[in-house]
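Rule-based calculations on the coordinates, nothing more; no lab input. The model shown is predicted, which means the values in this text are computed figures rather than measured ones. All Cβ positions, glycine included, derive from the backbone under ideal geometry; neighbour counts span all protein chains shown.
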Amino acid sequence: MLINYTFNKELVHENIRKDIIKGDKIICIKNFPLSDENLNSFINLIGIPIIEYRNNGGNSIFDVKVFKQNNFFRSIANSNLNIPLHTDCADFKSVPNCIGLLCVKPALLEQGVSFFTSLKEILKEASNSKLKELTTKKWKFRNELKPILQKKNEQFSICYDRITIESFSQITDKELEELNSFDELFKKESFEIMLKKGDLILFRNDLFLHGRSHFDLNSERLIKRIRFNVK
Amino acid sequence: MKIEFISEIDDENGTPVSKVLDIDIEENLSIEKLFSKIHEITGIPKFKEMKWGDEIEKISCTYYFKSSFDSEGLEMIDDLSKQISDFPKKGSNKELCLYIEESRGFVN
Ligand SMILES: [Fe+2]
């Protein structure tokens, strides 16, 4: 599931771009420099980054770390909570198809582990009735109403974030059961990656779900996140 | 002092919807004090609750100020202890322009 590279002069970004377009694996570049500038300029070679107000300096990079305001976490990404498998930006009209995560400081003691599930495995594992449910029933992702699986040009894509679904709409007990059964299916196929300092992982947001485990509040874990559309 | 307060930003085209609030406050106080008053006036809660496994987690609002006269100029406020007078007045009529984002913290 993982293609490994090392950041050096010989690294050919075009190969990485091709791997991302293929979309079946997660790419890990070791020894990546730990600055926003390097990350942003590298991603610009292979894609078009998403600019958001909440990013560092209103630009393309967000520091995923514990941050409190009014004594509460400022966002889920600024918490130490376990984050279940999801798609990023599930509430966007046009969801960015790639994510880069650069590990600046890992959590302590095997905590804050990243986990992933590929859509390919979900499609293999899901029963026909489950597939039908996933492709037909529309869920409310804040202002966007859409099914979890969509097929375009014979290719499936996934968009799932139950926190968004549950935060912005009242769901019935039956729907809660449905979400729990989806979680169970997605989790069954998941695998873990423990990021080390200097690891940059790149993966398709429309072909993989991702999440991370809980970590100690005082661990100073720092991951730099960039979302982009591959060129 | 007059505040241009952005109450929402249109999802479709990113256009801010704003109103002017008149708030009696000293500008040497912290921006946090000013936001507290805005929370009181507008009724916007300081946090949202979410069931997380067996616990209830509270996620804070996110605070922004307008840092330039062009429409893209919103900047997140990291340090709420900064003085009100430290923030530039870049509203439509040169007021201090502020935005409270209520719920995006729940979106990954
Ligand atoms: Fe995420």
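Some notes on this structure:
- Principal semi-axes of the equivalent ellipsoid, √(5λ) from the alpha carbon gyration tensor of the protein assembly as shown, are 35, 24, 19 Å from largest down.
- Rounded to the nearest whole Hz, the Karplus-based 3J(HN,Hα) values (6.51 cos²θ - 1.76 cosθ + 1.60, θ = phi - 60°) of the range B:85-94 follow the sequence 5, 6, 9, x, 9, 10, x, 4, 10, 6, with x at glycine and proline.
- Against chain A, whose longest principal axis comes from its Cα atoms, helix A:36-46 is set at around 60 degrees.
- Helix B:31-42 vs. chain B, principal-axis angle (Cα, 0 to 90°, nearest 10): 80
- Relative to the longest principal axis of the Cα atoms of chain A, the long axis of helix A:13-22 makes an angle of roughly 10 degrees.
- Packing-based order for A:131-139, A:102-110, using average beta carbon neighbours within 10 Å, highest first: A:102-110, A:131-139
- Mean ellipticity per residue at 222 nm, deg cm²/dmol - from DSSP H runs of n ≥ 4 across chain B, formula -39500 (n - 2.57): -3500 deg cm²/dmol
- Stokes-Einstein D (µm²/s) once Rh is taken as the Kirkwood radius of the range B:2-106 over alpha-carbon pairs, at 25 °C in 0.890 mPa s: 169
- Averaged over peptide A:140-148, the number of partner chain Cβ atoms lying within 10 Å of each residue's Cβ comes to 1.
- Estimated from helical segments only, the mean residue ellipticity of chain A at 222 nm is -7500 deg cm²/dmol, where each DSSP H run of four or more residues counts as -39500 (n - 2.57).
- Trypsin sites (Lys or Arg not before Pro) lying in DSSP loop within the range B:59-101, provided at most 13 other Cβ fall within 10 Å: B:Lys94
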